[in-house]
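Here's the structure we're looking at; comments come further down.
Just so you know, all these numbers are worked out from the coordinates, no wet-lab data involved. Remember, it's a predicted structure, so these values are computed and weren't measured experimentally. Quick reminder, even Gly has a Cβ in these numbers, built from the backbone with ideal geometry, and neighbours come from all protein chains shown.
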Amino acid sequence: MDKEESREKCNKERNFKAFSMYSAVRAGRAARRALDLATKKHHLPVPIRTVATPPPYVIVVVGPPKVGKTTLIRSLIKHYTKQKVVKPIGPITIISGKNKKLTFMECNNDLNSMIDLAKVADLVLMIIDASFGFEMETFEFLNILQVHGFPKVMGVLTHLDLFKQNKRLNKIKKRLKHRFWTEIYQGAKLFYLSGMIGDGYHRREIMNLSRFISVMKFRPLVWRSTHPYVLVDRVEDLTDPELVKRNPTTARTVSFYGYSRGISFKPSIKIHIPGVGDLPMKDVSFLPDPCPLPEEQKKRKLLEKETLIYAPMCDVGETLYDKDAVYVEMGQNVRKLDLSSGEKDILVGEGVGIVNQLVKAAAPIDEACKASTVKLFAASSGIKGSADVFEGVRSDALGTETEPNPRIRRKVVFSDVESESDSGLRWKEHMADKAEQAFLQPRPPDLMGAVYNTNHTSAINSLDESEPEDDDFFSKERHEKVGDQEIAVTEDSSKIRETGLHWDEEDVQKLLRNKFVTGEWGSEDAEKLLMEDEESDADGDFEDLEIASSEHKAEESPRDVVQQSDRLRYEEKVLKKAEFDRMYDNKDNDGLFQEMKESFAKQARINESEFENEAAEQRIQYEGFRPGLYLRIVVENVPSEFCQHLDPSYPIIIGGLLSNEENIGFVHVRIKKHRWFPRILKNNDPLIISLGWRRFQTAMQYSMQDHNMRNRLLKYTPKHMHCRATFYGPLVTPNTGFLGVQTVDRTPGFRIAATGVVLEQDACFKVVKKLKLTGVPHKVFTNTAFIKDMFTSDLEVSKFIGASIRTVSGIRGTIKKTLSAPLGSFRATFEDKIKLSDIVFLRAWYPVEPLRYYNPVTSLLQADKGSWTGMKTVGQLRFERNLKARCKADSHYKLIKREPVQFSKLTIPKSLQAELPYKSKPKLLIKKSEKTVRKQKAKKKIFKIMSKEEKQINVLLQQLNTIKNLKLTTKLKKKQADQRRAKELEKDEAKALKRQKAWKKQINRKRSKREGVARRKSASAS
Amino acid sequence: MTTATVKGNVLCYKGSNFFRQRLVLSVLSGKPIRISYIRAFEDEPGIKEFEVSLIQLFDKITNGTVIELNETGTSLYFQPGLLHGGTFSHECSTQRGVGYYLEALVMVGLFCKQPLNATLRGVTNNNIDPSADLIKTSMIRAVKNFILDDEGLEIKVTKRGMLPLGGGEIIFKCPVCKQLRPVQLLDSGMVKRIRGTAFALRVSPAIANRIVDKAKGVLLNFIPDIYVNTDECRGRQSGKSPGFGVHLTAETTNGVIYSAEKASNAVSNGEDPSIPEDVGEGAATRLLYEIYLGGVVDSSSQAVVILCMALGQQDVSKFVTGPLTENTIAFLRHLKEFFGVTFKLKHEDSSGTGTQKVVLTCVGTGYINFSKRTV
């Protein structure tokens, strides 16, 4: 027993799968977990818009200078094509497999190039110098990628041979790998190129890298799956050389060549060339693929002659393609091969075979069309040439010859029927025949031509040709003179007003019977079914039971009833089976996900098959130039600087614009300053923005949305937070990402200033800033006050009547009415009495419009492409000119000195005091402090109970004291009286003295007078 | 109809033809247009009142539109802004029905910034323009094929109004959508039932019954399942002028609806007064004609469907219609000029039911609602 148990246990450990159902709960959990994991893997299905021959995938090699970009491209090309490219400049297209093409492009160390290439790259090979570590450019590029949809990124570490110690190497590798992972995703592929052999990397390592490239799967990015674009791999100036010689700055006509990418390129769209601007296209045509995939073959590997390389911008491969000629480069000489003449034997050299083959393929498309045949019907012979397609159809289907005479094309479907109004009652004759004729009328030839070829202005199979019988309000045949020509005027209405045939006729009614469920529709006719049913007791076909049933009921027999019940049972069974299948047959059982995928797949099948059999020209007319075609785009009025300063190492991209995207308006975005950018961004400072295909400079107006959706202006961006911004620029689809840089030149430090996403666009946006108007009261009543100094005129006041105002202390009020004097003053009411010293505020919002500044970055027109400068910031200008910012004296912050407030003493009226409760009454005595109370308590007297003797002693002592006191008082009284008397004496003496003095004075004066008289007398006597 | 000449970014047209189509497409594509020689050599030169009203309507639903009209009104420069939508009301000119304006709104309504809630006042039923009922049953129905979520897409006739004074009112509500989806509809099915509404405004209510009787009389030859309502409009609901009319729909097994209608003549315009029986018969025969023409949409919605196909995603859409009306053909040409879309037009081998059908195939332009805001 014990042994068995242990064996079971052992088995369980060994073969755990066999015991998975031990616990239902655990199994349930496991199932749930498995489903969770499966659902986690799902991505939202996207519409499939792949084409049979896709354009070559763009592989961009990025990295700071001197890390080995060129060496890597050279090694890869060597690996694929066995050819040596000395200087890989511009896009290089090669064939990498039996059904795969690749375009390599090196990204130079220029922010403009980095931005442009990030928008077209399918795979980025990010080269990092391991001996140095990550450089700013790498992170800048990663951030650019993130904003413009993240294509696949593969890191490549180079310069690993510079490490002498293995341990250190491994450490560095690990560190770089983890940093790389945090930037992209955990487990992102990082390649190690251990070192150079000769002038390239190890063959083995390059082969591994190429294998990784070949199995790479590319998920469609949103912007690229809604916009057509071309990575230009060849540019040709078509301007008349004579004109250029005469005036070197004349606008050029340039043809661009490249593979159509993204979605199909329509000739009617507008294009934008980043670095140049919006340009109108003159002509778009497609050329045979210069790098065609090999024909169908059995071999696994590519033959050596099939590994083509196409790089017109660098000196490799000897062939160049033009619209109607192929240029073969043979050293210094360029020979033109005229295709119309059949000379093909003059070439010598290694590319002869290829060239000959290509020359054959490069026949003009009309010739190619003529040569090709399309079989529309199995029986018919192939139809030649596109122009004849419609005729072919006609003659095949109808077996009648139709002349290409436009008069016949004028024929109208109901012409014979509709002419009835003027022919009186004659229409009734041969009604059935006529109806039949109308029915079998030869189909109008070439419907497309009739609609789109404007020469047939009115010759259309349209309904509105006849005169309506009852509506003569608008006469039909009106004409309007338009300049020098006359055109027919038709009523601008979608409603048709004629009634067509005469439906009360039995014959005519027959035409319509079958459009109703009650009609007779051939084999599925109810009566016939019934007949068949009775004949053969079949139980299979029940489709039209409900239709047949109405007829059935009339002649139901018991046999029928039995049959019917059988049928019903069968039907029920079928339904149940279908339901069961639907529930359990679906292997993935993902419901909605599967459904979506299926619907996309179905649409993709329709897209692919719909125009498959059309002639090439027709197909292009309907679809546009589908991705994968090699296009030649002729653009007029290209600035001459573009040709003069053309540098193939800078990418040229032709981006297609959707309708509306050529227009300019205000764009509202959510923006965040990049956390690695050292400064915050200032409102209305110019910023270079990469949005959609475009790079342009514009002035950003930052704002923040309040809770009530009001956008408040910000002076600076927040440091680590999103904010809103509005700028004037081209419209793009909402939800498109963008990035902003302050300069595109090679400044040190992290250059990406901000990133964000477009929220909406409009012709105007309301961004407001706070405005506080202040005033002071000049007269105050109880709740009313007259306020002045807030406005300067009556008109201003009248605009603000009813507005709410507030004092500093928080008393709210409203503006009521203007006052005549002083100017701009008004009457306002408040919820309480305000003080004359109050300040009254009015809080308002002032709308601010962003600057209407939009300036495309025309870097490709510069001689030095990295040195484009647009509008400078005020700060920059000040710095350059060594200026200081202007400042108003009263804007300075000063230390505020405030006097302590002196409050007057509080006095309570007596009447009020009387009414107050004791608690609130002002107290006359000052409340003693506890300390004094305690002291007093301590000082309290101690009374003694005295004995008789003590009492007697006390009495005696008191009596003695009394006597003593009396003596003292009498003494004191006597002394006081003496003193008083002495004082009075003194007073009297002083009086007497005074009197004596006065007497003396008088006597002396008289004496001196007398003496004087005597002296004069004596003098006169003498 | 003249073709456009392109001057820079501006499409230049001559003549008064298809004024509405050009404005609608201009607004949707964002391309400015210039129309010259508008009735330049006629007794009453320049654009008419109803066209002015249309321009005003476009001014209401867009933001940033620039309209320049010369003194005589014979030349118009129209630079469209962005579609805004929202709630508004519009007094339509009585020269044309409300349908004239409503059709334009149906075409642009899905691409507004805010859901449309438009109140249009004027003549709801006349014999030139499709009535609100017709637009509801045919155009709205057609548009619903192209959008996933059609909640809130509705037309309500709150008051009916006839010529000459009008006084009718309709409310059109339309949600916004980001993109239209591709649609392949090739099978119309068989007509299974006929429904309708007859109305008599400011005349004896018995007239509505007379219309119904006659219309049913004609249609009963084909199918027994017919039910025609009589819409009682009393007081203000019946507008300012007397009149009557009927609107009929035929629904097929595949859910396709053919609609037809007829209203009484306006005596004030110098037309003969209508007899209710004639109106009933006229509407019924028109309905039969629509069924005869066939297709997956009826003739009046062809342009709307074509627009939705052209503005859809970059996928193939397919539709079957009856013979193209002149209006539709003009629309196809305009679409090519504004959006560069060429339709593949092919006659279908109709299996003995009605007229020769046309299969319209096109690849959508991948039009995206530019005005819609994201969160």
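Taking all C-alpha pairs of segment A:46-130, those more than 17 Å from each other amount to 50 percent.
I'd like the distance separating the alpha-carbon centroids of segment A:728-747 and segment A:175-218, in whole Å. Answer, in whole Å: 31.
Ignore the peptide's own chain and count Cβ atoms of other chains within 10 Å of each Cβ in A:608-616; give me the average, rounded.
Values: counts 1, 1, 9, 4, 0, 0, 1, 0, 0.
Mean number of neighbouring Cβ atoms from other chains: 2.
Separation of segment B:182-261 from segment A:234-287 is 58 Å, based on Cα centroids.
Projecting the alpha carbon convex hull of segment A:831-957 along each direction and taking the average yields 27.1 nm². For the pair residue A:575 and residue A:931, the difference between a 0.36 nm per residue extended length and the Cα-Cα distance amounts to 117.7 nm.
A simple packing score, the average count of other Cβ atoms within 10 Å per residue, orders the peptides A:146-159, A:887-900, B:303-316 as B:303-316, A:146-159, A:887-900, with the highest score first.
Protection proxy ranking for A:691-701, A:820-830, using the average of other Cβ atoms within 10 Å per residue and placing the highest first: A:691-701, A:820-830. Counted by Cβ distance under 14 Å from residue A:745, the other residues give a net charge of +1, where Lys and Arg count +1 and Asp and Glu count -1. Each listed q (0.16, 0.18, 0.22, 0.32 Å⁻¹) maps to a log10 I(q)/I(0) for segment A:826-874 from the Debye sum over equal C-alpha point scatterers, namely -0.72, -0.81, -0.95, -1.26. Taking 18 Å as the cut-off, the amide N atoms of segment A:624-662 that come nearer than this to a point 7 Å along the Cα-to-beta-carbon line of residue A:268 belong to A:624-626, A:656-662.
Within 10 Å, count the other beta carbons around each residue, average over each peptide in A:787-794, A:574-581, and list them highest first. It would help to have the intermediate numbers written out before the result.
Numbers: A:787-794: 17.9, A:574-581: 10.2.
Descending mean neighbour count gives A:787-794, A:574-581.
Based on every Cα atom in segment A:192-308, Rg and the maximum pairwise Cα distance Dmax equal 20.6, 58 Å. For the residues B:280, B:167, B:152, a GNM of chain B with alpha-carbon springs under 10 Å puts the largest fluctuation on B:152. Just check segment A:569-666 against the gyration tensor rule for me: Cα atoms, a ≥ b ≥ c as the square roots of the eigenvalues, rounded for a/c under 1.5, and otherwise prolate or oblate depending on whether a/b exceeds b/c. Verdict is prolate for segment A:569-666. With both labels modelled 7 Å from their Cα along Cα-to-Cβ, the residue A:1019 to residue A:601 distance reads 15.7 nm.
Spin-label pair residue A:801-residue B:278: with each label point 7 Å from Cα along the Cα-Cβ axis, the two points sit 6.0 nm from one another. Can you give the direction-averaged projected area of the convex hull of the alpha-carbon atoms in segment A:248-313, in nm²? Seen from a random direction, the Cα hull of segment A:248-313 projects 7.4 nm² on average.
When the P(r) of segment A:626-719 is calculated, the portion above 24 Å amounts to 47% of the C-alpha pairs. For segment B:216-375, the convex hull spanned by the alpha carbon atoms encloses 207 Å³ per residue.
Remark: the residue A:768-residue A:160 segment gains 213.2 nm on full extension, using 0.36 nm per residue and subtracting the alpha carbon distance. Across peptide B:311-319, the average count of Cβ atoms from other chains found within 10 Å of a residue's Cβ is 5. Expressed to the nearest 5 percent, the antiparallel share of DSSP beta bridges inside chain B is 75 percent.
What is the gain in length, in nm to one decimal, between residue A:84 and residue A:905 on full extension, counting 0.36 nm per residue of separation less the C-alpha to C-alpha distance? Mind dumping the intermediate values first?
Numbers: separation 821, 0.36 × 821 = 295.56 nm, distance 10.31 nm.
Between residue A:84 and residue A:905, full extension yields 285.2 nm more.
How long are the three semi-axes of the equivalent ellipsoid of segment A:218-273, in whole Å, if each is the root of 5 times an eigenvalue of the C-alpha gyration tensor, listed from largest down? Display every interim value, and only then the final one.
Working: eigenvalues 204, 24, 15 Å².
Three semi-axes, in Å: 32, 11, 9.
Partner shielding of A:734-740 amounts to 2, given as the average count of beta-carbon atoms from other chains within 10 Å of each residue beta-carbon.
Given R0 = 30 Å, the distance between the Cβ atoms of residue A:676 and residue A:863 translates into a calculated FRET efficiency of 0.45.
Could you tell me the calculated FRET efficiency between residue A:646 and residue A:218, based on Cβ-Cβ distance and R0 = 41 angstrom, to the nearest 0.05? If you can, show how the numbers build up before the last one.
On the way: r = 30 Å, r/R0 = 0.73.
For R0 = 41 Å, the calculated efficiency reads 0.85.
Quick check: from the Cα gyration tensor, does chain B come out rounded (a/c under 1.5), prolate or oblate? Oblate, since a/c reaches 1.5 and b/c is not below a/b.
Please give me, ordered by residue number, the trypsin sites (Lys or Arg not before Pro) of segment B:263-361 that lie in loop per DSSP and have at most 10 other Cβ atoms within 10 Å. All intermediate terms of the calculation are to be shown ahead of the outcome.
Details: sites: B:286, B:318, B:333, B:336, B:344, B:346, B:357; in loops: none.
Qualifying residues, ordered by number: none.
With Cβ to Cβ distances under 11 Å as the rule, what net charge do the other residues near residue A:719 carry (K, R +1; D, E -1)? Please list the in-between numbers first.
Details: positive: A:672, A:673, A:675, A:679; negative: none.
Taking every other residue near residue A:719 into account, the sum is +4.
Relative contact order for segment A:716-835: 19 percent, from Cα pairs under 8 Å spaced at least 6 residues apart, divided by residue count. Using only side-chain charges placed at the Cβ, +1 for Lys and Arg and -1 for Asp and Glu, the dipole size of segment A:954-1006 relative to its Cα centre rounds to 520 debye. Which of the trypsin sites (Lys or Arg not before Pro) across segment B:167-270 are loop residues per DSSP, with 12 or fewer other Cβ within 10 Å? Those that pass, being in a loop and sparsely packed, are B:234. Simple spin-label estimate for residue A:781 and residue A:565 gives 9.9 nm between the two label positions (7 Å along the Cα-to-Cβ direction from each Cα). Going by the alpha-carbon gyration tensor, a ≥ b ≥ c the square roots of its eigenvalues, is segment B:103-244 rounded (a/c under 1.5) or, if a/c is not under 1.5, prolate (a/b greater than b/c) versus oblate? Here segment B:103-244 falls in the oblate category.
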